[in-house]
Structures are given as C-alpha cells and as structure tokens.
Amino acid sequence: MRWVVFLIFAVLGLVFDTGLAEVLRIEKAWSIRPSLCAAVAVFVALSAPRATALFACLGLGLLLDLSNPLTADTGRSLYLIGPYTLGYSAGGWLVVQARPMVFRRRPITVGVMTFACLLAVQLVAITVFVLRSRSWYPGGPVQWTELTAWVELVKRLLIALYSGLLAVPVGWVLVRSAPLWGFQTVVHRSATIR
C-alpha cells in the first residue's frame, strides 16, 4: 500500500468529518453527521494486508482522537487519546476478519462494512467515554455528551447507518481509485490432490 495515498485520503476524510459533514447534518435526529473516515478505514481494511490494514485503522483513529477536543470538569479543553484509536482498531479487526466472506471490490460492500465497522467503533468509544467520565477516574471527569449513555448509543447507531449509506457512493470512488493505492494482490494456488 502506498502510504502517501492513504494519508491524502485520510486527511480528506478527516476534513470532511470535522467540518464539511455539517452540510449533511440531520437536525431532527440529534444533529447526526456521517463519517467519511470510516469508509476510508473499511476500504483499506478490505484491501491491504492484515498488519498494514490494522496499523492504518489505528492511525486513523488516533487522528480522530487528536481532532476532537473534550471539555474537562475544570472547563479546559483536553485531547483524550483512546476512544477512537481503540475503536478503529476494533472496527478494522472486524473488517479484516470478515473480508474472506465478502466481495471486496464492490461499493455496496464498503457501505455494509462501514456500518458494521462503525458499530464496533462506537461501542468501544462509548465504553471508553463512560469509563472516563466517572468521577473516580484519576484526572477528573470529562464532558463528552449532554445525553445519557443509552440515548448516545442510539444516536451513534444512527450515525453508523447514515455513514454506511454515504459509504456506498464513496466506496464507488474508492474502488475506482484502487490502482493508485498500490495494493498487492495475493494469488492462491489450488491444492492438487494426488
């Protein structure tokens, strides 16, 4: 895989997720916005070798953690590294495990796997946020949502669904750009029975 191409698509996804996604925000459903980074992570996890895919998902999650500041109980902003780093690692692992069972170079596969990947990402992120927001945790609690954890879970389920729908046309673009990425294809030889 060409890391420069990955970095370009990761930055484009990050710019979309942190700013341009406001254009596609659904106000009536807790102001949900889709994620383009998830589609990039899924495409890489479907196409790259296992170690490369997991490392790329880890890096993408780290970039998302560094781009989303939280508010501490003292009112200052802080960057909590962990929720999306661990979440994207789990989501990437899920996609890598499922890729032998799917058609890798289909936009609909990117959409469906983006939904599944984001479910894993959101479950891990919510777990980390809930643990970190407890007052018994060293360093004090952080304010990560104004909703209850269960309502936040439903909201993030809708984000995963919305992102999966957006990932179908984005997947079409990513599949068409596959030669730029430099993924190596693995040729499997059939076993000969003697």
Say whether the condition of being closer than 17 Å to residue 38 by Cβ and among the β-branched types (Val, Ile, Thr) is met by at least one residue in the range 139-159. yes
Can you confirm whether the range 116-132 contains a residue that is charged (D, E, K, R) and either open to solvent by 40 Å² or more (accessible area, probe 1.4 Å) or under 17 Å from the mean Cα position of the chain (by Cα) (or both)? no
Regarding the range 36-49, can at least one residue be identified that is surrounded by fewer than 13 Cβ atoms within 10 Å (Cβ to Cβ) and touching a Ser or Thr at 6+ places or on another chain (Cβ under 9 Å)? no
State all residues of the range 67-81 that are out of contact with any helix residue (DSSP H, G or I) (no Cβ under 9 Å at 6 or more places or on another chain), open to solvent by 10 Å² or more (accessible area, probe 1.4 Å) and not acidic (Asp, Glu); if no residue qualifies, say none. 69, 71, 74, 75, 76, 77, 78
Out of everything in the range 1-54 that is of a type in the set (Gly, Ala, Ser) and assigned to a loop (DSSP other than H, G, I, E, B), what residue ends up being modelled with the lowest pLDDT? 29
Could we say that residue 104 is modelled with pLDDT under 95 and either part of a helix (DSSP H, G or I) or within 16 Å of the chain's Cα centre (by Cα) (or both) here? no
Residue pairs within 8 Å by beta carbon, gap of at least six or interchain, first lying in the range 78-95 and touching a residue at least 24 places away in the same chain (Cβ under 8 Å) and among the hydroxyl-bearing types (Ser, Thr, Tyr), second open to solvent by 30 Å² or more (accessible area, probe 1.4 Å) and not in a loop (DSSP other than H, G, I, E, B), listed first then second, are 84/62; 85/58; 85/62; 88/58; 89/54; 89/58
Given the conditions (1) part of a loop (DSSP other than H, G, I, E, B); (2) within 20 Å of residue 18 (Cβ to Cβ), and given that residue 91 satisfies all but one, which numbered condition is not satisfied? (1)
Name the one entry in 114, 109 that is at pLDDT 95 or above, within 19 Å of residue 18 (Cα to Cα) and part of a helix (DSSP H, G or I). 114
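The values are calculated or read from the model by the stated rules, or taken from the named source; none is laboratory data. Bear in mind the structure is a predicted one, so any value in this text is a computation, not a measurement. Reconstructed Cβ throughout: ideal geometry from the backbone, glycine too, with neighbour counts over all protein chains shown. These accessible areas exclude ligands, DNA and RNA; they are computed on the full protein's heavy atoms, side chains included. Shrake-Rupley method; radii C 1.70, N 1.55, O 1.52, S 1.80 Å.
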